[in-house]
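To keep things clear, I will list the structure first and then write my remarks on it.
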Amino acid sequence: MCGPAIALTVSCRSRLNEPRSATEISAALTQAHPDRGVKTTAVRTTLEGLVAKSQAQRTKQGPSVFYTATAASEAAAAGSQQEAVAG
């Protein structure tokens with residue numbers, strides 16, 4: 001079973017259709033789930049895990065790092081959402 005930050009970040013990957021920083025993703029998750037404590041470090045670690053699994057891409061622009069979902073990741077997220085609705 002995965003931790004709350006991992007579950008939230010993975011569910012958020014379909015929103016990574018444009019480059020976003022870990023801080024931006026953390027802020028969006030905090031706004032969407034104010035009852036949960038979302039830490040930027042946990043989100044960043046999870047995003048790096050998605051990069052390692054080729055489910056997200058990392059882009060560096062100067063000192064900043066941005067993450068984008070891969071096409072395969074977006075298709076998997078859409079499939080998961082359809083299964084959840086059907087099941």
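Conditions (1) of a type in the set (S, T, N, Q); (2) modelled with pLDDT under 85; (3) surrounded by 15 or more Cβ atoms within 10 Å (Cβ to Cβ), marked per residue:
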site: Leu8; (1), (2), (3): no, yes, yes
site: Arg13; (1), (2), (3): no, yes, yes
site: Ser21; (1), (2), (3): yes, no, yes
site: Thr30; (1), (2), (3): yes, no, yes
site: Lys53; (1), (2), (3): no, no, no
site: Val65; (1), (2), (3): no, no, yes
site: Ala75; (1), (2), (3): no, yes, no
site: Gln81; (1), (2), (3): yes, yes, no
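Would you say Thr45 is out of contact with any Ser or Thr (no Cβ under 7 Å at 6 or more places or on another chain), among the polar types (S, T, N, Q), assigned to a helix (DSSP H, G or I) and surrounded by fewer than 14 Cβ atoms within 10 Å (Cβ to Cβ)?
Numbers: out of contact with any Ser or Thr (no Cβ under 7 Å at 6 or more places or on another chain): yes; among the polar types (S, T, N, Q): yes; assigned to a helix (DSSP H, G or I): yes; surrounded by fewer than 14 Cβ atoms within 10 Å (Cβ to Cβ): no.
When the stated conditions are applied, Thr45 does not pass them.
The values are calculated or read from the model by the stated rules, or taken from the named source; none is laboratory data. Because the structure is a prediction, the values reported are computed rather than measured. Please note: Cβ atoms are built from the backbone with ideal geometry, for glycine as well, and neighbour counts cover all protein chains shown.
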